[in-house]
Amino acid sequence: MFLSALLAVSYGLLALALALTLVRLVRGPGLPDRVVALDLIGFIAVGFIALTALQTGVAAFLDAAVTLALIAFVASIGFARYLEYRVPDARPRPTGTPRPAGSSQPSTGLPPGVPHVAP
Amino acid sequence: MSPLLSTLAGVLALVGAIFALIAALGIVRFPDLLTRMHAATKAGTLGAGLLLLAVAVAFADAGVAARAAAGIAFLVLTAPVASHAIGRAAYFCGVRLWERTEVDELAGHYDPETHVLDPAEAELHERHEPVA
């Protein structure tokens, strides 16, 4: 049947996309790149579940796809918060509050000489 | 399922899978984080959205179509928020931009400690503070 052939090709393309995204997930080079790759893996997984719903004719898979999209969104937001505030003492304070005593320089929470860059 | 609807659903699924593949190609081939994010968010959202649309077309049922529409709306609403949060966090992490980047309009405008844009945003914050 024509539809099943198209679905098979779609499965193949999505699997290839997942493999390419895993390449980026492994190679990095930094944590933000991996977070973006995880985000895309979430989208591809939603696509896989939608294809499964098409192939099996079970509409309940659609609920799983929507739920996975929700969880992937929350995970991305959580990762973003972690990335922004993972350096100790770098949490933003309201403007105008005095700096902690003994820190004349803008503190990154790292020992002196360590550049404030992502690994 | 009528042949017309099933063919339409198959073509939509195929196009969605192709867009997902384009997003994955972009995330592997592009040179820095922000360009990768540009590929992943836009093409990825379109790919997943088209696949959900294919489900809605194939089932031809109001309940399924409503759920698929809710899923598409959710994807379209949340993907920009998530990628903005990641891009902002990555900028504060000091992610290196591509060496051929022409302009970085944020350079020097963010307070590295408070993560607040100056001066417009700082004034906005000060306006809400009680008068000392």
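If you go through the range B:37-44 one residue at a time, do you hit one that is touching a residue at least 40 places away in the same chain (Cβ under 8 Å), under 19 Å from A:LEU38 (Cβ atoms) and not hydroxyl-bearing (Ser, Thr, Tyr)? Yes, the range B:37-44 has at least one match. Here A:LEU51 fits the description: in contact with a Phe, Trp or Tyr (Cβ under 8 Å, 6 or more places away or on another chain), part of a helix (DSSP H, G or I), facing chain B (nearest Cβ under 8 Å) and not β-branched (Val, Ile, Thr). The lone criterion from (1) in a helix (DSSP H, G or I); (2) touching a residue at least 40 places away in the same chain (Cβ under 8 Å) left unmet by B:TRP98 is number (1).
When only residues in the range A:62-71 that are of a type in the set (A, V, I, L, M, F, W, C) and more than 8 Å from every other protein chain (Cβ to nearest Cβ) count, which is surrounded by the most Cβ atoms within 10 Å (Cβ to Cβ)? Restricting to residues being of a type in the set (A, V, I, L, M, F, W, C) and more than 8 Å from every other protein chain (Cβ to nearest Cβ), the top hit is A:LEU68. The single condition from (1) over 21 Å from the mean Cα position of the chain (by Cα); (2) more than 7 Å from chain A (Cβ to nearest Cβ); (3) among the β-branched types (Val, Ile, Thr) that B:ILE22 fails is (1).
Residue by residue, here is whether (1) in a helix (DSSP H, G or I); (2) modelled with pLDDT of 90 or more; (3) not hydrophobic (A, V, I, L, M, F, W, C) holds:
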{"position": "B:ARG67", "(1), (2), (3)": "yes, yes, yes"}
{"position": "B:GLY71", "(1), (2), (3)": "yes, yes, yes"}
{"position": "B:PHE74", "(1), (2), (3)": "yes, yes, no"}
{"position": "B:LEU77", "(1), (2), (3)": "yes, yes, no"}
{"position": "B:VAL81", "(1), (2), (3)": "yes, yes, no"}
{"position": "B:GLY87", "(1), (2), (3)": "yes, no, yes"}
{"position": "B:TYR91", "(1), (2), (3)": "yes, no, yes"}
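Given the residues B:LEU14, B:LEU106, which is the only one that is within 7 Å of chain A (Cβ to nearest Cβ), farther than 22 Å from A:GLY28 by Cβ and among the aliphatic types (A, V, I, L, M)? Being within 7 Å of chain A (Cβ to nearest Cβ), farther than 22 Å from A:GLY28 by Cβ and among the aliphatic types (A, V, I, L, M) holds for just one of B:LEU14, B:LEU106, which is B:LEU14.
Among residues of the range B:1-29 that are crowded, with 19+ Cβ neighbours inside 10 Å, those with a Cβ under 7 angstrom from a residue that is aromatic (Phe, Trp, Tyr), sequence gap 6+ or separate chain, pair up as B:GLY10/A:PHE2; B:ALA20/A:PHE43.
Please work out which residue is surrounded by the fewest Cβ atoms within 10 Å (Cβ to Cβ), limiting yourself to the range B:33-47 and to residues that are of a type outside the set (A, V, I, L, M, F, W, C), within 7 Å of another protein chain (Cβ to nearest Cβ) and more than 10 Å from the chain's Cα centre (by Cα).
The qualifying residue surrounded by the fewest Cβ atoms within 10 Å (Cβ to Cβ) is B:ARG36.
Would you confirm whether any residue within the range A:96-117 is at pLDDT 90 or above and either of a type in the set (Phe, Trp, Tyr) or not in a helix (DSSP H, G or I) (or both)? No, the range A:96-117 contains no residue that is at pLDDT 90 or above and either of a type in the set (Phe, Trp, Tyr) or not in a helix (DSSP H, G or I) (or both).
Among the residues of the range A:15-48 satisfying the criterion of being touching a residue at least 60 places away in the same chain (Cβ under 8 Å) and either buried (at least 21 other Cβ atoms within 10 Å of the Cβ) or outside any helix (DSSP H, G or I) (or both), which is farthest from the other protein chains (Cβ to nearest Cβ)? It comes out as A:GLY30.
The values are calculated or read from the model by the stated rules, or taken from the named source; none is laboratory data. Everything quoted here is computed from the prediction, not taken from an experiment. Cβ sites come from the backbone with ideal geometry, for glycine too, and all protein chains shown count toward neighbours.
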